[in-house]
Structures are given as structure tokens and as C-alpha cells.
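Right, one structure below, let's go through it.
The values are calculated or read from the model by the stated rules, or taken from the named source; none is laboratory data. Given the structure is predicted, the values throughout are model-derived calculations rather than measurements. No Cβ is skipped: glycine too gets one built from the backbone with ideal geometry, and neighbour counts run over all protein chains shown. In case anyone asks, the SASA skips ligands and DNA or RNA and just uses the protein heavy atoms, side chains included. Shrake-Rupley method; radii C 1.70, N 1.55, O 1.52, S 1.80 Å.
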Amino acid sequence: MRRAVAMILLVTLFIQPAGAATSPYITPELVLQIEPDQHLWVKMAKVLVDRLYDPTYRLFRETWGTYEGQRWYWNTEQGEAAQILARLGYTSLLADVFNGYRQYLVYEYGSFVYPFTRFVPDAPAEAKNTTASSFYLRNLIVGIGGDLPATGDRLIKIYLDLYDPNIWYIANMRSWEVWWTQNGQEYYQGIWDKPEFIKDYGIVTGIGEVCAYRVMAVGGLQYRVDMCVQDGKPYIVFKLTVTNTESLGTLSNVMTTIAFDSLDWWQYKYVYIPGKGVMSASGTEQWFYTYGEGGWASFNNRWHFILYTKRPIGMNPAIAVILESPNVDLWCYNTQQKPDYDWYLMWFKIRIHWGDLGPGQSKTTTILIVPMSSFAPGIPDIYDQLLANIGSLSNRDLSFAVNTGTGVFKGFAMAGILLAAIHSGYLDFAINLWNSVRTIFSYWGYNVATRPLANFIIASLILYHATQNYAYVEEAMNAAITLLNAQIRDPSDYRDGGWLDIPPPFGAGTYLDVNAEAAHALLKLYEITLNPSYKEAVDYWLEHWFRYDPVEDRWYYYRFNDPSHPWFLGYLDEKQPYAQGYFLQALAKYIYNDDRIYVSLSRIFELLADEFWELTWDGAAETNVETQSSVAAGLADIVEVMLQRYGAAIEYVRNARIENITYSATSGMSSFKIELGAMPYSYATLVLYMVAPPQAIYINGVKAANVTFDQLSSSKNAYFYNATSKLLYVRLFPSSNTITVELGYEYIPPPVQETTTSSSTSSSQSGGNYTYTPPAISPPQMPPLPWHGWTPSNYTLPLPDWLKDRPGLVAAAIILGMALLANEATAPFFALVATGLLAYFAHIGWISVGDALVSLLFLASGLGIALARKRS
């Protein structure tokens, strides 16, 4: 087998200045050893499995370092982990995760698959604050808090419990009103949470639940409300009790209310009542159901309704209310609200008809309130089934899984779940899940938050590769219309070129992770369709959204158009490794040799802990599935591209940051430059994966010493190469601001990796023995492979303006001139000169290859005629 020419890798490193703080989880002088895993991304992926996979539920926890994160099993995290398991070839573990996902994180109703946001098996009810004036109860799924004595904030706030009450704050409760008739006299009192009507309050802890209660009284009517959170339940229990405290006389036609207030703040607009349909807010006062009206369908002898917002999928909260009786009135005071000044629900009242209360008599009813951070319109029958069977859905967050605790900025990683299903032999489930999500997204006109929408596009393309059904590509193109419209194209806007986190008119921010995933989806779609609009959108983003500050030597972008916004300005090298991982995944094969790729790599390497897992802003004790998986996947893509193009790949750099990488090969010489900076140490470590062993290594022109791995840490400007793992460790002790490392080696092109199909398992539902082979991905519009030491663009001949558009004429003139010069020489000399010039001009594009061949034909004919005439 013929071997490639010898090559030299030139690596330029800049020492990092002092001043940066270091986590105790980072030992800078330590040379991290990657063996036996060969690649850093593999090491990181295995750490992800070791730390966060829970075999009890066959699911991945969210994080390692927080109380909540160790108990949350998010839907999207399973997809993010699955993409890494598929890369590792862990087919058995991938199948386990898929089965755990199917058991705990979806609800299957026929062919419809509803994905829950999260599963929380350990969700004990607890009171985080027992001060009645600011109580907070939670069970890691739902939460409720407020002011029991109503001395200040009169609102009772309902939350999805996520770290703190301000994340996924869903609604307010207030307005305790009462009506009754006594001795023929009608009475009404708006208690309004006023202290003079509040007789008692407190917090009570029972078996499996914790409750906050308030007792109110007016006249002879006492009204008690217990607001309870129970172990593992995805709802808040409101126990309402009315009592006639008088010893004489009956209270007739007793009515009380609870109400949701300030709903317009969230833009609640719709009311769904089974049997009555969906009704939209309209006008100042609106009645949706009246006592005795009928037509309200029940399920399991319960009646429910749902309030939900007019917002894009991914940021549209909802409130489901389950009643023991339809003996209620439902009405609302509405208001007109931004951004469209449409009518929105504001003050929604549930008035309960109790009937008559004799002396000393009490009556109790229970209302379940189910908060959802995201709602899926268009599938009322599915929600009917979910709410009818809510007793069997403990430990689930019923929110539609298009976001997580950080909100809409984190998408539904359905693509990874489809990979897990397909690899596990359940193509039917993958198709059903995709169809279910498509039903919801298309019903909403693909008005979906950007990250879930981008992931849906990638998921659609995965199904296309698995089935060769082009309908999946067409649906991805339909979704891409919204994605393209979410990109800002306005040079006067600071965010020009960026993708909004939410489609207009709701979106405001352009975030790095959101934008990277949007670019990733569009480039994947471009690979299949070759539609230039997808690539053009990414090019526009790269050219306009990113800006470079030469003074600070940093790439930056604008998240918001308002300079006063605290998050107005963002930097590519901020401490957000998950976003840099997404950036690498999106662009590693597209702009692999771009400075922004190097910045992302550098930040990841800088945050790399000794255990090969990424640090987050919560400290070294905190890692999570998203960060670990996105970074590992991004590094895997970078390694793949570098190996294909250079025969060597950077595994990691420590105590330096990459500024630039260049490579060329001519006459056995190559160059590969990496510029690093900004850490307070006088040494650095460079680790490369090399297909072939180095033949010579020079550091700043001085030949480096070849030492053992044990000697490496104490050696100055030395290296160690492990022929088994093909890893080269270079230890650098710089004496100036730059170090040049030159490596010479014979490059053997890496073998094309054969994709193995996963072992199939029979589907109990009909999955069959389907196997899936992921398609090979060819990057769109990649620069030419840099196998040559020079390119035509390196050598140009200055021409006057009037000749710049006539290179063929110039070429002909030069050839004619050379012919005149060669007139005194032999015909072979003339032929050699002319042929060489024709070849060169064709190579640099002045004339076409066809014109060059025709010219050679005329040249040969002319020389033949001349020779024949000379001989005659």
C-alpha cells in the first residue's frame, strides 16, 4: 500500500497571563491520561454514564451536584444521553434507556405518544419555609407559596417546582368571595384576603403531604381553604370546607369562589371544557359555563377544564382544574394586552354552589389544580385521558416535553430518542412519537420555540434516513420556514443575523445555544435538499451576528436589542460549555478551521476537570447531561474532521487556548498552528491523536526529547507517544509568548469506519427486527482538502483594470510572446514552454481545461505542419 508523504505539524502556543482563578477540581500541572479510551470525548461520555445513569429506572439524572438534579429525570436529557450512547455503540444500554423512557416519560394512547417533561421518583412533600407570611410548599414537581395572613402579598402563587419559585411561575390564586341567603336576605362579601376576615392560618404536615391552611369567616359562614402538596403528585390539592357556625337558622344558596388572577400577564386566552370545546377570550366579561347548563363531559365521575395561553409551543403554560362536581359557574373578566392587544383572560373565577347549610353543618369538596409549564393544543382527547387517569401518573410532570427547568431555551431532544428507538428495533414507536409531535407542532403552525423546532427538524431527517420516505424531509422543510422567519435580518438591529429564542412577536433574545442548534438543523437540511436558503441563513448568521473585538481579542454578539438589558452583550468564550458544545456540533464540519471553533474548543478545554467532565457555573461539584453530552458530541465531530483532513487531531490543550490552526503539506512538509492564551502557568500540555507515530518533534526549533509518560510531567519540552492508543503527549515549558512545535510523520489515511447495525430486539407492540444504519454525512460546501502546500490564490499576477476581465487574452499574449522568444530555439523547446503555460493558466482559472486541450491540439498540428514544411 502506498503511503502518503511525510508531514510536519506546526503548533504555535501562547503562554497565558496570570490572573485567572482555578477550581480545586483542576490540577493544572497534571497531564490527563486518556488511555485506554483513545479519545477525550469517549472518556467524557463514559464519565457521563458512570455518574448520571441510574439503572434502577434505566434513566439519566439531570445533574450530579444538586439535591434536585439528582432526583429529576428529564425527557430531553434522555435524548441528549442517547446520542452519545449511539456514538459509543452501547446498544444494550441504549435499549435500556429507551425502555426506561417508554415506561416513565411518555403516555401512549393508541398510536399517540405524549411525552412528559420529567419523571421525579423521589418527590416528598416538604415545606421549604414555615413562616406563614411567606410560606412555600413543594414536592419537586409542583409548588405553592404566598402570604397566609395576607399582611402583604395577597396572592397565592402556583409553581412548577424548579430550584426556586420564580422559575415556571404558572398562575396566581386569590379572591375568596362568598354569597348566602339568610332569613330571606341575600348577602355577599368580598373577603379579598383581608386580614379582618382571616381567623386562623398555618402549616400542617401529615403523612405524605404538607398543607397550608387559611380560615376565613363573615357572619355565620366560615370558609376554610387547605392548599396541599402530596408526595409525588403532579397537582396541588385545594380542600374547600364551608360551615354554618350559627346555632339557629339555615344558610341557603351558599356560594364561594376561588379565582385565578392576573392571567393576562402570562397571556392566558383559551378555555377548554370537554363536551363544550375550546373557547377564546372575548369582551370585558365572559361566561364559559353556568350552574345547571349541562353538556360538560365527565371522566371517571370527575369534571375538568383547562386554561392555556396564546404563546408559541415551548413557552405556553396551562392550568388544568379537576372538580368533583359540575355544580359551578365559570366566568372571567378579560383585558386587552400586548403584543397584539387581543383579548386575554385576566380574572377567572370558579364559583361553587354548595346549596343549603343547616346549623353547625359543614360541606367539603376537593379541587385538583395541575400546573403545566407547556401545553400542547390540538389534542384535547389526549388531555382528557391524562386527567382522567391522573391518579396513576404519580411522579410525572404532565407538561408537554418541549422545555425543561431553564425554560424554552432548552429544547425537546426528540432526535436522540428516535435514535434510541430505532437502534432498539422500535421504528414504529419512533414514527408514532414523531407523528404525535408533528400533529401538535403543525396544529400551532410550527409556531414553536427555536430549540425544540430545530431538534424536530433533525429528528425528521433521522426518520428520513431510516425509512427513505421523503415526506419526512418535506415536513422538516415546513418547519424550517418558521426557523428562517425567526432570524433577524435588520442591520440596524444589534442582534442582526441571530435567531430569536421564540418566533416573532414573542421572542426577544438571541442566545448562543439557541443559535447553534438552529444552524445545526439548517445545515443538516441543506445536506439533503441542497436548498441554498438554508446555507445562506447560516452564512448570514456567521457574518453578521458574530463580531470581533481586536482590542480584547474576543468574539462577541448581542442577545438583546436594548443596550440597557443586563444580558445585552455576550461573548463566545463565556463559561457556557454546553453552548460551545452545540456550536462545535453545528459547525465542526462546516467551518472547521475558523477562529470561532478554536475559541469554543479552548473554553471547553479550560473548564476540563481532572475527571474529564465539564464544570458549570454552579461549581465543580455540578455537572449535567446536557453539558457533558453536547461537549462530548462536539469534540467527537472535531476529531473526525481533523483525522480526515490531517491524519491527526487535537484531543486537548491544557493551560492555553487555541487561537489558530493551519495545515498544509508539500514535499513532505506540513503546518498545524494552535495559538493559546490566558492562564497563569508557565507550562502547557498538548495532546494529539495521530494516525502515524511522529518521526521528529521540534519545539522552538530545538529537537524535543522523547521520554516515558512518567517522566513527562517533570521534563522540559518533551513528548511521549503511545503506539497502542496513538496518543501523543507534548509537555511545553515556554520561555516566550509563543512556542512552535513541529512534528513530522508519515500520514496514513484513516480507514473508513464501517457503521455497525444495532442488535435488534423484538417489539412487544410490533417493533419487529428492524435495524438502522446511520447515514454517512458529507459536509456542505467544505473548503478543498489541504493536501497541497500552495493554492492558486497564493500566487497572483497584478493586471491593469482593463485587462482583469480578459485573462484569456493575457494568456494568449504571453504564449505568443514565449513563442517569439523560442523562435530561434527548437520546436520541442517551444512545445514544452507552451504546454507548461497552458497547464498553469488552466490551473489558476484564466482559461478552461477544454480551451487548454484545444490549444494543445492546434499547437501540435501547427508544429507538425512546420516540421513537414522544413523537411520538404
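A Cβ-based charge dipole, computed about the Cα centre of segment 37-161 with Lys and Arg at +1 and Asp and Glu at -1, lands at about 100 debye.
Name the residues of segment 293-312 whose amide N is less than 19 Å from a point 7 angstrom out from the Cα of Ser282 along the C-beta direction? Of the residues in segment 293-312, 306-311 have backbone N under 19 Å from the label point off Ser282. The Rg/Rh ratio for segment 37-161, using Cα coordinates for both the radius of gyration and the Kirkwood hydrodynamic radius, is 1.13.
Sorting 128-135, 294-301, 143-150 by average packing, meaning the other beta carbons within 10 Å per residue, from highest down gives 143-150, 128-135, 294-301.
Of the solvent-accessible surface of segment 493-571, computed with a 1.4 Å probe over protein heavy atoms with every protein chain present, carbon and sulfur atoms account for 54 percent.
To the nearest µm²/s, what D does Stokes-Einstein give for segment 506-594 at 20 °C and 1.002 mPa s, using the Kirkwood radius over alpha carbon pairs as Rh? Result for D is 154 µm²/s. Relative protection proxy for 267-278, 190-201, 224-235, 338-349, from highest mean packing down: 224-235, 267-278, 338-349, 190-201 (other beta-carbon atoms within 10 angstrom). Based on the reciprocal of the average 1/r between different C-alpha atoms, the Kirkwood radius for segment 428-496 equals 12.8 Å. For segment 165-371, what is the Kirkwood estimate of the hydrodynamic radius, computed as the reciprocal of the mean inverse distance between distinct Cα atoms, to one decimal in Å? After inverting the mean inverse Cα-Cα distance, the result is 18.1 Å. Summary of the geometry: segment 258-293 and segment 515-537, compared by the centres of their Cα atoms, lie 41 Å apart.
Per the Debye calculation on segment 390-508 with a single equal scatterer at every Cα and no solvent contribution, log₁₀ I(q)/I(0) for q = 0.15, 0.17, 0.19, 0.23 Å⁻¹ amounts to -0.73, -0.89, -1.04, -1.31.
Overall shape of segment 251-324 was characterised from the C-alpha gyration tensor. The equivalent ellipsoid obtained from it has semi-axes of 23, 16, 13 Å, in decreasing order.
A probe of 1.4 angstrom, applied to the heavy atoms of all protein chains, finds Tyr698 with accessible area near 80 square angstrom.
Full extension from Gln185 to Asn300: what is 0.36 nm times the residue separation minus their Cα-Cα distance, to one decimal in nm? Working shown, then result.
On the way: separation 115, 0.36 × 115 = 41.40 nm, distance 3.84 nm.
Difference between extended and current length: 37.6 nm.
Rounded to the nearest percent, how much of the accessible area of segment 29-115 (1.4 Å probe, protein heavy atoms only) is carbon and sulfur? Walk me through the numbers before you get to the answer.
Numbers: 1380 of 3000 Å².
Ligands and nucleic acids excluded, carbon and sulfur reach 46 percent.
For Leu398, no residue has an amide H sitting under 5 Å from its own, ignoring neighbours fewer than 5 places away on the same chain, with H placed 1.01 Å from N. With each label modelled as a point 7 angstrom along the Cα→C-beta vector, the Asp200-Thr724 pair spans 7.4 nm.
In the structure shown, the pairs Lys199/Lys363; Lys269/Lys535; Lys128/Lys233 are assessed against 26 Å; a Cα-Cα span above that value is assigned to Lys269/Lys535.
Each of Ser111 and Glu611 was given a label point 7 Å from its Cα along the Cα-to-Cβ line. The distance between the two points is 4.6 nm. With θ taken as phi - 60° and the Karplus curve 6.51 cos²θ - 1.76 cosθ + 1.60 applied, the whole-hertz 3J(HN,Hα) list for segment 117-130 is 5, 7, 10, 10, x, 10, 10, x, 6, 8, 9, 7, 8, 9 Hz, x standing for glycine and proline.
Among Arg61, Arg351, the sequence by solvent-accessible area, most first, with a 1.4 Å probe is Arg61, Arg351. For Asp54, the residues whose modelled amide H falls within less than 5 Å of its own, excluding neighbours fewer than 5 places apart on the same chain, are Leu59, Phe60, Arg61. For segment 165-371, the fraction of 1.4 Å probe accessible surface lying on carbon and sulfur atoms is 47 percent.
Where does each of Thr245, Thr529 land when they are ordered by accessible area, with a 1.4 Å probe and the largest first? Don't skip to the end; give the middle numbers.
Details: Thr245 80, Thr529 35 Å².
So the residues, ranked largest to smallest area, are Thr245, Thr529.
Shown is the FRET efficiency for Phe709 and Tyr443, computed with R0 = 56 Å from the Cβ-Cβ distance and rounded to the nearest 0.05: 0.40.
Compare the peptides 428-434, 73-79, 45-51, 484-490 by average per-residue count of other Cβ atoms within 10 angstrom and give them in order, highest first. Numbers along the way, then the final one.
Numbers: 428-434: 22.6, 73-79: 27.9, 45-51: 19.3, 484-490: 17.6.
Put in order of decreasing packing, that is 73-79, 428-434, 45-51, 484-490.
With θ taken as phi - 60° and the Karplus curve 6.51 cos²θ - 1.76 cosθ + 1.60 applied, the whole-hertz 3J(HN,Hα) list for segment 551-556 is 5, 8, 6, 9, 8, 9 Hz, x standing for glycine and proline. At full extension, Lys716 and Asn485 could sit 77.7 nm farther apart than now, given 0.36 nm per residue minus the alpha carbon distance. Once the Cα-Cα distance is subtracted from the 0.36 nm per residue extended length, the Tyr291 to Thr467 segment shows a gain of 58.1 nm.
Provide the FRET efficiency to the nearest 0.05 for the Leu569-Ser392 pair, computing r from the beta carbons and using R0 = 60 Å. Walk me through the numbers on the way to the answer.
Working: r = 49 Å, r/R0 = 0.81.
Efficiency at R0 = 60 Å is approximately 0.75.
In this rough spin-label picture, where each label sits 7 Å from Cα along the Cβ direction, the Gln644-Asn435 distance is 3.5 nm.
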